[in-house]
2 protein chains.
Amino acid sequence: MAGEFSLIDKYFAHRQQQRKDVILAQGDDCAIVAPASGTHIAISTDTLVSGTHFLADADPAWIAHKALASNISDLAAMGASPCWVSMGISLPEVDEPWLERFCQAFFELADYYGVQLIGGDTTRGPLAITLTVQGSLPEGKALTRSGASVGDWIYVTGSLGDAKAGLDVILEKNISDDSALNKELERRHFESVPRVLAGLALRDVASAAIDISDGLISDLGHILKRSNVGARVDVAKLPLSTELRAFIKDDTQARQYALTSGEEYELCFTVPEANRGQLEVALVNTPFTCIGQITGTEYLELHENEQTLNWQLGGFDHFKVNQ
Amino acid sequence: MAGEFSLIDKYFAHRQQQRKDVILAQGDDCAIVAPASGTHIAISTDTLVSGTHFLADADPAWIAHKALASNISDLAAMGASPCWVSMGISLPEVDEPWLERFCQAFFELADYYGVQLIGGDTTRGPLAITLTVQGSLPEGKALTRSGASVGDWIYVTGSLGDAKAGLDVILEKNISDDSALNKELERRHFESVPRVLAGLALRDVASAAIDISDGLISDLGHILKRSNVGARVDVAKLPLSTELRAFIKDDTQARQYALTSGEEYELCFTVPEANRGQLEVALVNTPFTCIGQITGTEYLELHENEQTLNWQLGGFDHFKVNQ
């Protein structure tokens, strides 16, 4: 780490084991890494700004988790294995308890995924964090958004809607009488877990993939647009957690939460008919659900028991993919 | 580019030729690049924040130049060849003329060095830019700060002090009667050029290298500290431009400018006696000057004609390297 805040650097320096493919980490003009031969590198950058992505008094542990998890989730959606991260961070002042809490959460998550902080820059300024995370994957094995074909089946991992329900609790917009339930949904909002192992397992199975960061409707829409196809999704098949069903009793509302909840970090992916058997084996340790099928139309259609729905979900329902 | 500012994305998307080693640029969860086999990757991250590194009304072309040039200069100092850049940018509002001017300068410099923007994130927030630039270099050929040995000769490229003189002009702190001279020094402050070709040429010649971003004294100090050596520098040998000599008539003051001027993007490097012949060949197209020699002391000593100097230069003079 360079920059005028040399005091801060000690919080970020040498807190992790050195990966074998890191030749040089912090302390020189650049970091040096050694990609394994025959691998490609997947690279994702996310910026979080105080006041835009979180409140100034947000828990620094949560900011750290959100910043790193959202980037790792992008790697997961490509089928890449997380390796290295660079951090640009601006802080209005040197607040040591804040830094310690931020770093503890950051390095805990980084260690869990085997990602090494290789360098960055610390500067004085309004609170903001930009991370660039890199992962490796075998040549030609990337899971892109553009590979879906007509007839492919559409799947999601885990369950959907909990992050949005958790946000309701946080914003005190919609609260259950069950305080343990509120607490659990709040936790799920803050601690969504990227599906890295599922991404790796899907490399030879899925035709396209994306992580659910803006909401299923919006993110599946990206696959459809890039693949130049449409889709039919059966809302009755959307995977809803027991907690979400307890929090939102109304079927329609619960399903609409599942369709629009962002920052879930679940994967949405498509699988050709011929690979459905392999899928069962590949994701033996990950819950997943088939929610629909890719079509040759230009539309994303929602239906329930063959009845087409015309839900208004932020303008995304029944929308034309290529405008 | 992802994020809520989709309008902005058009300024950054597809303005450059695709490099052959870029498999996937913007538009998916990650970018994908293909490093050549047998190469290592050098990675540098810099953050520039409005109010800390530049004024809010600074020319966006200059901000773009400064952000990219400082990162490319870090690659040059490692002997790496620039390849790819990721950008996290926060903007308070969508200001199209600002963006167009920023992008024009950014892509002009990026194209000059063959660096492709592969992705990033645009968000609403206080004006700030974080770039992560990556370059390639043959395995084991990185020019680090830690390779200097006792007896190695110390060199710098180009001339030193112009950037600081240019800053004087900008801040109206010290202005010449010659307005063309003022203008030229101001231009040099804003348009310092990273020494990429010199860095590449020094791979098999230099024992250590750094780019001069904080001032020669400070940056040579980093080499000494990491290499665990001292140095003797002859201030009479410091390369000063004709313009600096016209701007600052006093010898001592001009030399002190050369020792402390930051953001020069010249290289400071060390060369073993046995490689001095190769150096003449390697840098045939780059001006360079021998300014001193690495010593076995723990000090950076300044001298002139065998007389040791005790200049007070921000606490860095005659300083103990390992404190």
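Couple of notes before you dig in:
- Residues (assigned to a strand (DSSP E or B), within 8 Å of chain B (Cβ to nearest Cβ) and among the small types (G, A, S)) located in segment A:120-146: A:G120, A:A128, A:G135
- Residues in segment B:18-45 that are of a type in the set (S, T, N, Q) and facing chain A (nearest Cβ under 7 Å): B:S37, B:S44, B:T45.
- The listed residue being part of a helix (DSSP H, G or I) and of a type in the set (F, W, Y), out of B:W84, B:W98: B:W98
- Selected residue (criterion: nearest to B:D29 (Cα to Cα)) from residues of segment B:98-130 that are of a type in the set (S, T, N, Q) and either touching a residue at least 60 places away in the same chain (Cβ under 8 Å) or in contact with a strand residue (DSSP E or B) (Cβ under 6 Å, 6 or more places away or on another chain) (or both): B:T122
- On inspection, A:T39 fails the criterion of being of a type in the set (V, I, T) and closer than 20 Å to B:T47 by Cβ.
- Residues of segment A:282-308 classified as at pLDDT below 95, of a type in the set (A, V, I, L, M, F, W, C) and surrounded by fewer than 16 Cβ atoms within 10 Å (Cβ to Cβ), total: 1
- Lone qualifier among B:L117, B:L68, B:L48, B:L75 - being surrounded by 15 or more Cβ atoms within 10 Å (Cβ to Cβ), in a helix (DSSP H, G or I) and within 11 Å of chain A (Cβ to nearest Cβ): B:L75
- When we screen B:A110, B:A105 for residues that are within 16 Å of the chain's Cα centre (by Cα) and over 23 Å from A:V49 (Cα atoms), the only hit is B:A110.
- Filtered by the rule that a residue be surrounded by fewer than 24 Cβ atoms within 10 Å (Cβ to Cβ) and farther than 25 Å from A:P138 by Cα, segment A:78-92 gives A:L91, A:P92.
- Selection count where residues are of a type in the set (A, V, I, L, M, F, W, C), assigned to a loop (DSSP other than H, G, I, E, B) and surrounded by fewer than 18 Cβ atoms within 10 Å (Cβ to Cβ), scope segment B:156-192: 2
- With respect to being aromatic (F, W, Y), farther than 30 Å from A:K20 by Cβ, buried (at least 24 other Cβ atoms within 10 Å of the Cβ) and more than 7 Å from every other protein chain (Cβ to nearest Cβ), B:F102 fits the description.
- Just so you know, in segment B:27-52 the residues that are more than 27 Å from the chain's Cα centre (by Cα) and not hydrophobic (A, V, I, L, M, F, W, C) include one that is modelled with the lowest pLDDT, and it is B:G27.
- Yes/no for A:L240 being among the aliphatic types (A, V, I, L, M), in a loop (DSSP other than H, G, I, E, B), under 30 Å from A:S176 (Cα atoms) and at pLDDT below 95: no
- Looking only at segment A:252-281, and only at residues there that are within 16 Å of the chain's Cα centre (by Cα) and part of a helix (DSSP H, G or I), the one that is surrounded by the most Cβ atoms within 10 Å (Cβ to Cβ): A:A258
- The criterion of being surrounded by 21 or more Cβ atoms within 10 Å (Cβ to Cβ) and either out of contact with any Phe, Trp or Tyr (no Cβ under 7 Å at 6 or more places or on another chain) or more than 21 Å from B:E191 (Cα to Cα) (or both) holds for B:L137.
- The lone exception for A:A25 - which of (1) out of contact with any His (no Cβ under 9 Å at 6 or more places or on another chain); (2) under 30 Å from B:I210 (Cβ atoms) it fails: (1)
- Filter pass, B:W98 being farther than 30 Å from B:I291 by Cβ and aromatic (F, W, Y): yes
- Screening A:D95 on (1) touching a residue at least 60 places away in the same chain (Cβ under 8 Å); (2) surrounded by fewer than 20 Cβ atoms within 10 Å (Cβ to Cβ); (3) of a type in the set (D, E) shows it passes everything except condition (1).
The values are calculated or read from the model by the stated rules, or taken from the named source; none is laboratory data. Being a predicted model, the structure only gives us computed values, none of them experimental. Don't worry about glycine lacking a Cβ; one is built from the backbone with ideal geometry, like all the others, and counts go over all protein chains shown.
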